[in-house]
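What follows is a single structure, written as structure tokens, with notes after it.
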Amino acid sequence: MVLDFLVLKLADIFVIHRLINGYSLTIVSMKDLSMNVLTGSMNGMNKSSANIPHVTIDSDSDSEGFVEELARVNSSLNGKASSESLKTGGKASSLSKGEAGKGGKSYSTGKGRKGSASIAVSTKSDAELKLELDIPLNSGILMNCEVAELLQEIHEHMAILSEDPNIKIPESFDKAFQYAKEGNHFSTAQSVKQVLDPLKKYGVSDGEICLIANIGPETIEEVYALVPSLKATSSLNEGPIMEALTALTNIKVPK
Amino acid sequence: MFFHIVLERNMQLHPRHFGPHLRDKLVSKLIKDVEGTCSGRHGFVVAITGVEDIGKGLIREGTGYVTFPVKYQCVVFRPFKGEILEAVVTMVNKMGFFAEAGPVQIFVSNHLIPDDMEFQSGDVPNYTTSDGSVKIQKDSEVRLKIIGTRVDATEIFCIGTIKDDFLGVISDPGAAM
């Protein structure tokens with residue numbers, strides 16, 4: 001059995017073992033180590049794919065660590081299957097060509113690739129999945145009921161604005177106005193705010209409050225199913241959310 | 001989800017607009033240029049709600065145009081991954097269906113439609129459960145979850161699912177009132 005070793009020296013260490021005749025590709029990145037590591041392995045490596053240690057490293061903005069272990073594949077596939085299953089994309093195929101130096105470079109350039117960052121082996125549970133909101137600074141979230149009222153006022157002023165023949169009412173305004181009106185389940189935005197604002201004390205974020213207002217759920221199970229991040233703090237927020245739902249039912253406008 | 005946000009833009013104005021109504025001309029041009037546009041970062045600019053500040057104008061060399069930095073407040077609409085939306089179905093085909101929520105288009109693939117719903121082709125293509133109790137067709141209202149967004153420079157396109165709990169048809173246009 002011929003074993004190839006690829007050794008790279010980078011600010012982080014990448015140790016790549018490749019075995020011919022059914023190979024597994026293990027990439028381990030360790031932060032803040034800067035030494036050459038030459039690992040040799042015996043013929044027994046061919047059965048070590050199950051024994052290869054997994055190291056999961058949370059990536060920072062400065063560095064990336066990722067662990068991938070691929071199941072044995074036939075050598076006839078020539079690394080293509082492994083490269084497909086690697087989220088970094090076809091970089092592994094360059095390694096399979098035995099270009100060690102290039103492989104090192106490709107990994108460092110691979111840092112810039114989309115989707116190559118922080119590929120942790122463990123998956124997040126639903127409760128950990130927060131709404132992926134990157135709210136810009138100086139902005140506030142608006143509930144559909146608030147938007148409906150705001151756009152209603154603007155709509156009433158449209159007659160004045162449309163005196164200028166160059167100004168056309170954009171299509172997206174009409175669509176958004178329609179959407180906000182139809183998505184609004186409640187009588188007034190003020191009453192919704194009064195009911196939902198107290199939830200902030202119990203760890204409910206603005207985005208989650210907005211979701212609850214927009215969805216108009218009827219039961220606590222519905223809330224936890226649609227906003228899984230609230231489940232994590234259910235012991236804290238279950239009571240207040242149930243009270244809020246009861247209050248919202250009173251101000252709901254039947255359609 | 002809607003946001004109320006402050007943005008800044010450099011507006012260029014031709015000297016022919018200068019005069020006592022300079023500010024009004026600037027605001028009109030701002031509305032004309034910005035409302036209805038979409039940026040990947042902020043989403044669709046639905047409406048401008050106010051102008052916070054208009055800075056000092058700078059004459060551009062060679063052209064005579066003047067650049068004014070304008071800070072304005074606006075309502076933007078931007079969908080996010082994990083968000084629950086109510087959308088109206090616009091088109092149904094065997095690959096899935098398209099729905100609209102405000103200015104945003106969402107596609108729900110047939111892989112993300114519950115397995116008990118089958119595509120029925122015909123005059124009105126639709127997805128129907130085996131017992132015919134639930135139907136998704138054009139103009140149906142559905143509650144869906146956004147599972148992915150693709151952001152271009154001028155467009156946002158979303159992928160959604162109705163396969164989870166509490167998702168699916170809200171109202172059917174074909175149902176008798």
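For residue B:164, all conditions in the list (1) within 13 Å of chain A (Cβ to nearest Cβ); (2) assigned to a strand (DSSP E or B) hold save one; what is the number of the exception?
Just one mismatch for residue B:164, condition (2).
Sort through B:40, B:55 and tell me the only one that's in contact with a strand residue (DSSP E or B) (Cβ under 6 Å, 6 or more places away or on another chain), within 30 Å of residue A:178 (Cβ to Cβ) and not assigned by TED's automatic domain parsing to the domain that holds residue B:106. Break it down into steps so the answer makes sense when it comes.
On the way: B:55 fails: within 30 Å of residue A:178 (Cβ to Cβ).
Result: B:40 is the single residue among B:40, B:55 that is in contact with a strand residue (DSSP E or B) (Cβ under 6 Å, 6 or more places away or on another chain), within 30 Å of residue A:178 (Cβ to Cβ) and not assigned by TED's automatic domain parsing to the domain that holds residue B:106.
Quick check: anything in segment A:248-255 part of a loop (DSSP other than H, G, I, E, B), facing chain B (nearest Cβ under 9 Å) and either touching a Phe, Trp or Tyr at 6+ places or on another chain (Cβ under 6 Å) or surrounded by fewer than 18 Cβ atoms within 10 Å (Cβ to Cβ) (or both)? Give the steps one after another, and end with the answer.
Step one: list which residues in segment A:248-255 are part of a loop (DSSP other than H, G, I, E, B), which gives A:253-255.
Filter once more, keeping what is facing chain B (nearest Cβ under 9 Å): A:255.
Now drop any that are not either touching a Phe, Trp or Tyr at 6+ places or on another chain (Cβ under 6 Å) or surrounded by fewer than 18 Cβ atoms within 10 Å (Cβ to Cβ) (or both), which leaves A:255.
Yes: one or more hits.
Which residue, of A:203, A:140, is modelled with pLDDT of 80 or more, at positive phi and surrounded by fewer than 17 Cβ atoms within 10 Å (Cβ to Cβ)? Talk me through it step by step, then tell me what you get.
Values: A:140 fails: at positive phi.
The unique qualifying residue is A:203.
Of all residues in segment B:104-145, how many are more than 24 Å from residue A:211 (Cβ to Cβ) and either of a type in the set (Gly, Ala, Ser) or in a strand (DSSP E or B) (or both)?
14
Exactly one condition in (1) modelled with pLDDT under 90; (2) not hydroxyl-bearing (Ser, Thr, Tyr); (3) not in a loop (DSSP other than H, G, I, E, B) is not met by residue B:88; state its number.
Of the numbered conditions (1) modelled with pLDDT under 90; (2) not hydroxyl-bearing (Ser, Thr, Tyr); (3) not in a loop (DSSP other than H, G, I, E, B), the odd one out for residue B:88 is (1).
Does segment B:74-106 hold any residues that are within 14 Å of another protein chain (Cβ to nearest Cβ), surrounded by fewer than 17 Cβ atoms within 10 Å (Cβ to Cβ) and either among the basic types (Lys, Arg) or within 30 Å of residue B:53 (Cβ to Cβ) (or both), and which are they?
Listed by number, the list holds a single entry, B:81.
Restricting attention to segment A:169-181, which residues are at pLDDT 85 or above and either over 30 Å from residue B:29 (Cβ atoms) or among the aliphatic types (A, V, I, L, M) (or both)?
A:176, A:180
Please tell me if residue B:145 is over 19 Å from the mean Cα position of the chain (by Cα), within 11 Å of chain A (Cβ to nearest Cβ) and at pLDDT 90 or above. Even if it seems obvious, please write down each step before you answer.
On the way: over 19 Å from the mean Cα position of the chain (by Cα): no; within 11 Å of chain A (Cβ to nearest Cβ): yes; at pLDDT 90 or above: yes.
No: the conditions fail for residue B:145.
Quick test for you: out of B:78, B:23, pick the one residue that is touching a residue at least 12 places away in the same chain (Cβ under 8 Å), farther than 23 Å from residue A:142 by Cα and either out of contact with any helix residue (DSSP H, G or I) (no Cβ under 8 Å at 6 or more places or on another chain) or of a type in the set (Ser, Thr, Tyr) (or both).
Details: B:78 fails: farther than 23 Å from residue A:142 by Cα.
Unique residue meeting the criteria: B:23.
Within segment B:38-53, count every residue that is within 8 Å of chain A (Cβ to nearest Cβ) and among the polar types (S, T, N, Q).
In the first step, residues of segment B:38-53 are kept if they are within 8 Å of chain A (Cβ to nearest Cβ); the result is B:38, B:41-42, B:44-47, B:49.
Filter again for among the polar types (S, T, N, Q), leaving B:49.
Matching residues across segment B:38-53 total 1.
The values are calculated or read from the model by the stated rules, or taken from the named source; none is laboratory data. None of these values were measured; they are calculated from a predicted model. Positions of Cβ are backbone-derived with ideal geometry, glycine not excepted, and every protein chain shown enters the neighbour counts.
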